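To start, the structure itself, in structure tokens.
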Amino acid sequence: MDYQNIIVETRGKVGFITLNRPKALNALNDALVDELGVALDGFEADENIGCVVITGSEKAFAAGADIGMMAKFSYMDAYKGDYITRNWERLKTFRKPVIAAVAGFALGGGCELAMSCDMIFAADTAKFGQPEVKLGTLPGAGGTQRLPRAVGKAKAMDLCLTARMMDAAEAEKAGLVARVIPADKLVEEALAAAATIASYSLPVIMMIKESINRSFESGLNEGLLFERRVFHSSFALDDQKEGMAAFVEKRKAEFKNQ
Ligand code: HXC
């Protein structure tokens with residue numbers, strides 16, 4: 001695939017995607033989101049890839065959906081075209097972990113894209129917000145749904161209703177981001193964490209992601225039962241035998257992803 005809006009690379013066992021519309025602060029359009037879907041399809045199919053990092057530029061992870069394009073839309077364009085969201089949930093169905101490495105602005109759809117990943121590493125320059133209200137609309141790709149789950153109702157209301165931005169320190173305190181990192185070390189640390197994840201057993205990594213995500217879809221008892229059953233099933237893996245044998249034999253485990 002000849003990508004026009006993203007750069008797709010691999011770093012060892014890590015898939016590395018850079019959003020690449022710098023002149024528009026990585027504003028999201030259909031072409032970009034579709035390309036993201038194709039890149040994820042490729043990384044899903046590649047047995048060698050154990051984790052994916054998505055990043056933007058120093059100035060912006062993504063400043064939201066492309067306003068120039070949206071400005072011309074009728075209701076029918078938005079509804080029938082399912083503008084930028086038609087491929088959005090590909091991230092949700094992607095079974096390997098995805099880290100968003102966010103520097104600069106993550107606004108509107110940019111914040112929603114970061115929240116669609118499994119965890120966010122933020123540079124100390126990061127700014128998160130859902131400013132759609134200033135444009136006469138509202139978040140359309142999870143801002144009113146994923147943000148309250150991450151930071152609670154009060155802060156989600158504050159951000160969506162006032163359009164103010166939240167800096168990295170506040171975002172970490174609120175639980176939106178996993179780590180805050182000096183900007184010049186962001187990508188390095190995200191790739192290192194991704195490489196660590198990719199060094200473990202891929203089926204186990206997938207089971208952990210699936211089980212944590214299940215907690216957002218179920219009650220506690222249902223979720224605990226799901227986790228227990230998946231835990232039991234891990235004992236069918238060669239990698240579980242290897243991991244525990246390596247511990248007992250005081251050596252490093254060699255996982256074979258099976
Ligand atoms: C299209 C955008 C853009 C966007 C920035 N640009 N954001 N183009 N869509 N979302 C363009 C600008 O027009 C400008 O192009 C260039 O990027 C640089 O932006 P500036 O505004 O000059 O930079 P700065 O002064 O540093 O301000 C940065 C900013 C501001 C605070 C991020 O650009 C801004 O407020 N952007 C809009 C943020 C926003 O409202 N996002 C939500 C969108 S709605 P030129 O050609 O002039 O140099 C949304 C809904 C999602 O996301 C729904 C999902 C379905």
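No value in this document is a laboratory result; all are computed from the given coordinates. In this text, all values refer to a predicted model and were calculated from it rather than measured experimentally. We place every Cβ from the backbone using ideal geometry, glycine too, and count neighbours over all the protein chains shown.
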Find the Cα radius of gyration of the chain, compare it with 2.2 N^0.38 Å by division, and give the number to two decimals. 1.05
Which of the residue pairs K96/K241; K134/K155; K155/K209 have a Cα-Cα distance greater than 24 Å in the structure shown? K155/K209
Hey, fewest Cβ within 10 Å first, where do F247, F255 land in order? F247, F255
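If you count, for each residue, the other Cβ atoms within 10 Å and average over each peptide, how do 239-245, 211-217, 10-16 line up from highest to lowest?
Values: 239-245: 15.1, 211-217: 13.0, 10-16: 18.7.
Going from most to least packed, we get 10-16, 239-245, 211-217.
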If you rank T196, T93 by fewest surrounding Cβ atoms within 10 Å, what's the result? T93, T196
Which order do the peptides 175-188, 68-81 take when ranked by the mean count of other beta-carbon atoms within 10 Å per residue, highest first? 175-188, 68-81
Dividing the alpha-carbon Rg of the stretch 104-241 by 2.2 N^0.38 Å yields what? 1.22
Return the percentage of antiparallel bridges among DSSP beta bridges fully within the stretch 23-150, rounded to the nearest 5 %. 0
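Go ahead and run the numbers for FRET between N221 and K153, Cβ-Cβ distance against an R0 of 22 Å, rounding to 0.05.
On the way: r = 24 Å, r/R0 = 1.09.
Rounded to the nearest 0.05, the efficiency is 0.40.
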Stokes-Einstein diffusion coefficient for the stretch 25-104 at 20 °C in a medium of 1.002 mPa s, Rh from the Kirkwood formula over Cα pairs: what value in µm²/s? 154
Flagged as over-length at 23 Å C-alpha distance, from K185/K250; K23/K153; K153/K173; K72/K153, the pairs are K185/K250; K23/K153; K72/K153
